[in-house]
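Down below is the structure, laid out as structure tokens.
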Amino acid sequence: MLTRPGTGNSSNPLQIRAHHLLCIQGFQGHGYSREFEENMWNIIENIDNVSSIYLKIISKCDDICYKCPHNQDESCTESIKSNNRIVKMDEAVLEKIGINEGFIEKSSVIFEKVNSVFKNINNLQEVCSNCSWHTQCLYYQKISSKKI
């Protein structure tokens, strides 16, 4: 399990899974546990309030997963296939936004990349269609309601 979240400075950036770049923008309080939800809100608040916060984009358990009850030895154990499915979601986001795992940059730059790519439901469905949270995700709802 992760020992601690990053601080968000350039030498100790918040570690964020690639697909969580979408989740962060659509989270409305649903989660796996109260502790997970509070951690997610804290991370979102830090990203929203600190324009110079740095993120390191990864495809394994991150600072959000840190408080997830399904995080066992930095692997998702929600179901037998969940970890592989989630890693594929991360890889799809990395590919679509054109960065490699380990990329470090200010959150504003990263979210600009994400939002320039995920403008339509087709791109979003390629990543999120098998996600159990997409019906509660405000980002998914916003993009899916746009006229193409």
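What follows is calculated from the coordinates using simple rules that are stated; it is not laboratory data. Just so you know, these numbers come straight off a predicted model, no measurement behind them. Because the Cβ atoms are built from the backbone with ideal geometry, glycine has one as well, and the counts that use them run over all protein chains shown.
Laid out as a table, the results:
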| quantity | calculated |
| --- | --- |
| Charge context of residue 95, other residues only, Cβ under 11 angstrom, K/R +1, D/E -1 | -2 |
| The stretch 28-93: mean projected area of Cα convex hull, nm² | 4.9 nm² |
| Separation of the residue 132 and residue 116 label points, Cα + 7 Å toward Cβ, nm | 3.5 nm |
| Net dipole in debye of the stretch 14-144 [+1 Lys, Arg Cβ; -1 Asp, Glu Cβ; about Cα centre; nearest 20] | 340 debye |
| Nonlocal amide H pairs with residue 72, under 5 Å, H built at 1.01 Å | 77 |
| Spatial extent of the chain: Rg and Dmax, with the Cα atoms as the point set, Å | 14.3, 44 |
| For the chain, share of DSSP beta bridges that run antiparallel, in % to the nearest 5 | 60 percent |
| Centre separation in Å (Cα based) which lies between the stretch 21-61 and the stretch 126-148 | 17 Å |
| GNM result for the chain, Cα springs below 10 Å: residue of 105, 126, 91 fluctuating most strongly | 126 |
